[in-house]
1. Taking amide H atoms as placed 1.01 Å from N in the peptide plane, list the residues 5 or more away in sequence, or in a different chain, whose amide H sits under 5 Å from that of residue B:135.
2. On a straight-distance basis, which aspartates and glutamates could pair with residue B:335 in a cross-link, Cα separation under 18 angstrom, same-chain partners fewer than 8 positions away excluded?
3. What percent does the relative contact order of chain B come to when contacts are Cα pairs within less than 8 Å and at least six residues apart?
4. Hey, how many Å between the Cα centroid of the stretch B:93-133 and the Cα centroid of the stretch B:326-362?
5. If one computes P(r) from the Cα atoms of the stretch B:273-326, what percent of pairs lie at distances over 12 Å?
6. Restricting to DSSP H runs of at least four residues, report the calculated mean residue ellipticity at 222 nm for chain B, -39500 (n - 2.57) per run over all residues, nearest 500 deg cm²/dmol.
7. In Å, what is the Rg of the alpha-carbon atoms in the protein assembly as shown, and how long is Dmax?
8. Can you spot the lysines whose alpha carbon is less than 27 Å from residue B:363's alpha carbon? Ignore those fewer than 8 places along the same chain.
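What follows is calculated from the coordinates using simple rules that are stated; it is not laboratory data. Small disclaimer: the values here were computed from a predicted structure and weren't measured. Quick reminder, even Gly has a Cβ in these numbers, built from the backbone with ideal geometry, and neighbours come from all protein chains shown.
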Amino acid sequence: MTIAVTKVRVEDKLYQNRYLVDSGRPHIIVRPHDKPSANLLALTYVCPAKCYELNDKGQVEITADGCMECGTCRILCEKGGDIEWNYPRGGFGVLFKFG
Amino acid sequence: MIEQFDAIVVGAGMSGNAAAYTLASQGLKVLQLERGEYPGSKNVQGAIMYANMLEKIIPDFRDDAPLERHLVEQRLWVLDDTSHTGIHYRSDDFNEAKPNRYTIIRAQFDKWFSRKVREAGATVLCETTATELVRDGNGKVIGVRTDRAGGVVFANVVVLAEGVSGLLGTRAGLREMPKPETVALAVKEMHFLPEEVIGQRFGVKGDEGCVIEAVGTISRSMAGLGFLYTNKESISLGIGCLVSDFAATMESPSALLDAMKNHPSIRPLIAGSEVKEYAAHLIPEGGYKAIPQLFGDGWVIVGDAAQLNNAIHREGSNLAMTSGRVAAEAIIKVKSRNGPMTKANLALYKTMLDDSFVIKDLKKYKDMPALLHTNSSNFFDSYPRLMSHAAQNFMRVDGTPKIEKEKNTTAAFINARSRWGLVSDAVRLALAWR
């Protein structure tokens, strides 16, 4: 039996999921900053949906469309004021088929 | 006219449904709010469901609840990079008329549970995010603001079943936000395979199921646990580690999951599967010491929002269901003697919960989270490697006298941890387990 488990990009994993994106109303906002805090920087690795990325100025940006609403970024960064965190409006966001 | 409810339940997960069902079936006027499109659409769990705790709420749930497999076998694996050392427990006793544990798929199970809640008479409002608690001049919680137009609803008591990352309780200062070291981030994939293939690979037939839980180098020195749960036609496969450890190591959760899938002990079990969902969720891991104030004027907190999760035994939804039911029973008792929903009267919930397995179990392991948090590289890396080396040294027949093999194994343990370190780890583990 041949066994192949290929490496899957996070983006491709998220394609399997169902989302209802609330266009133009992101539920998480990164506050403007010059240099990201250690926790905010960590999110570029730790966010399981890879919503956080560094831009070419070394600042962290978020694209919340693929967010699975786990809350990890809130736990790490809300208190320090790095991000503003809310749940999406009712009905929007990730819709787990299996959960 | 303003509609007034006896109780508003925020959230339609295990604890919220248990509370709403219990309250409504006793004739209380209940409103339940759920932000998802349907109950379950925001909920993630492994998932194993324990029958006893649901039986106490819906005794005949087996008649129509969507259950996947009942569990007859459990394996605990300690992994290093290429091997696993394991304990298996399998018993035909688990093939009983009313099985003890089942695997479930939460989106389906929660839809079923929510239907029961509606049938019991509660009003369930989906696609509605609760944004704020509403209080009167004395600070008593009297309702909930929602994101619907003009969306304030009022009740005598609000049951906060909003999950570990719920906004209401933390924003109102009723509970602290979980700390990175008291929550785990788990990621999970649903791997679909034909029913017979799962049966063959895990050695089960019909509705029998098998669970594999794995600790070791798959969590890369972080405090974590991997799992494979067999459903009827799928395997729930995931791994969770403390958020504080993720932040410190900057490991990618999805890469961690992929590496676990590639482990030589795990890869053959999921070979050829079709992945249909990738999910992430926080799990409260703070244990007894992280439980917030559970009640106040006009409110109670249940389930994950109250940190009611037994990380050591991987029991969460049964504590959630039980706390939801107990909170509802306390509310019903207060109402039946025409008492107002004050802090003093709702203290009954805590008294009743203290008397249940929920608090007793969490109290037993109160020192465990701190031990695992501060000692993760030993328990999740050094020891798994040592165990594997010891086992392989023992199994491999190569002409080395046994006495030398034993000396090698002992020396490896002492080199890695020192005599004092080994004794102190053993003592600390024993004390925390007590």
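1. So residue B:135 has HN proximity to B:142.
2. B:6, B:297
3. 19 percent.
4. What the calculation gives is 22 Å, centre to centre.
5. 68
6. -11000 deg cm²/dmol
7. Rg, Dmax (Cα atoms, Å): 23.6, 89.
8. Filter leaves B:56, B:179, B:289, B:333, B:343, B:350.
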